[in-house]
Amino acid sequence: MKKLLGVLSLAAIFTFNLFGQEINRFDEDFVKENTSTTTYNEWTGSYAPSEINTASQIMDIGRRLGKGISYQEKVQNDPNPYNKGNPAYKYSSARIYGKTKRGADLLLIGSTATVDTIKCLKMIIRGYLETAFSYNPEEAKILAEKICYWNTNNFENLEYFDSVFESDIKKVFEGRYKRIGLSSSYQEWKESILIIPHEFTAPAVSGSDSYTELSDSAINETPSVYEDMNNETETSGSSSYESEESVKPSYQEAAPVREPVKIATRKSPISSTVILISVLGLLVIAGLVIIFIKLLK
């Protein structure tokens, strides 16, 4: 009897955990409803041939960052997904889970970053949304623009960020940034953190309360797929781009990488797959209850 009750308890916990893992995701409505269009002061000069990349190359910066976060969360069950990028801290990402306030995904534009046009910055964010949140390219393109506007509308509004988001958004890249949000001038983009807000729901993952102890040696580099993604050499710049046809013959697209497990759908905190699995779990529990009742008789 004790064993049967133990099985029932484990099945119930498993079922509820499935629901819990699907919350705290990008809140696109929150961004759309709190955003106004803005204009940007961008670099207008010319670029050397070595500084010009294709749109695909630029979006791959974001895609690699997003894949790392998704892999750590869904495959490794890491409570603090964190991708320092390659080269390290040129462009980086992290995922902060909500506890008492909103969580967020963070994109760090590091001190060595070369992005200086809003078009290219949107491409990086677009690539990130595709792999970190499973958006299709068309949706990601629209939302990347909204995210830029939202971050500019709230640029350096520290009081607002403190009141709405978990304090860890300030800690995870401590010492590597000077600004939160996106300036309207490209000259202030380096050493900035962009915020991608999560839906405000009950916490899904209980991670550590602080990121202040993170260091290069302390960051757990993940094996196999994640290493392949991070070790892919980034091309020289992301300041400008041309069509795919303009790429030098020596350039080769990165070898395909096995996709990590995709994360939840966006607007609904519970995906249809999880609902199906959870229903099956409940059916298992019901079956065990029936068996238990028959045994009592």
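The residue of region 16-62 that is nearest to Leu108 (Cα to Cα), among those that are at pLDDT 95 or above and of a type in the set (Asp, Glu), is Asp60.
The residues of region 99-148 that are closer than 23 Å to Arg176 by Cα and aromatic (Phe, Trp, Tyr) amount to a single one, Tyr128.
Does region 50-57 contain at least one residue that is of a type in the set (Val, Ile, Thr) and open to solvent by 10 Å² or more (accessible area, probe 1.4 Å)? Yes, that holds for at least one residue. Checking each residue in region 167-184 for being open to solvent by less than 20 Å² (accessible area, probe 1.4 Å) and either in contact (Cβ under 8 Å) with a residue 60 or more places away in the chain or under 19 Å from the mean Cα position of the chain (by Cα) (or both) picks out Asp168, Ile169, Val172, Phe173, Ile180, Gly181, Leu182. Against the definition (of a type in the set (Val, Ile, Thr) and surrounded by 17 or more Cβ atoms within 10 Å (Cβ to Cβ)), how does Thr35 come out, yes or no? Considered against the rule, which asks whether it is of a type in the set (Val, Ile, Thr) and surrounded by 17 or more Cβ atoms within 10 Å (Cβ to Cβ), Thr35 comes out as yes.
The criterion of being at pLDDT 95 or above, surrounded by fewer than 16 Cβ atoms within 10 Å (Cβ to Cβ) and not small (Gly, Ala, Ser) holds for Leu158. Inspect region 106-127 for any residue being of a type in the set (D, E, K, R) and more than 18 Å from the chain's Cα centre (by Cα) and give the result as yes or no. Within region 106-127, one or more residues are of a type in the set (D, E, K, R) and more than 18 Å from the chain's Cα centre (by Cα).
The values are calculated or read from the model by the stated rules, or taken from the named source; none is laboratory data. Nothing here was measured: the structure is a model prediction, and the numbers come from that model. Quick reminder, even Gly has a Cβ in these numbers, built from the backbone with ideal geometry, and neighbours come from all protein chains shown. Remember, those area values only see protein heavy atoms, side chains included, never the ligands or the DNA or RNA. Shrake-Rupley method; radii C 1.70, N 1.55, O 1.52, S 1.80 Å.
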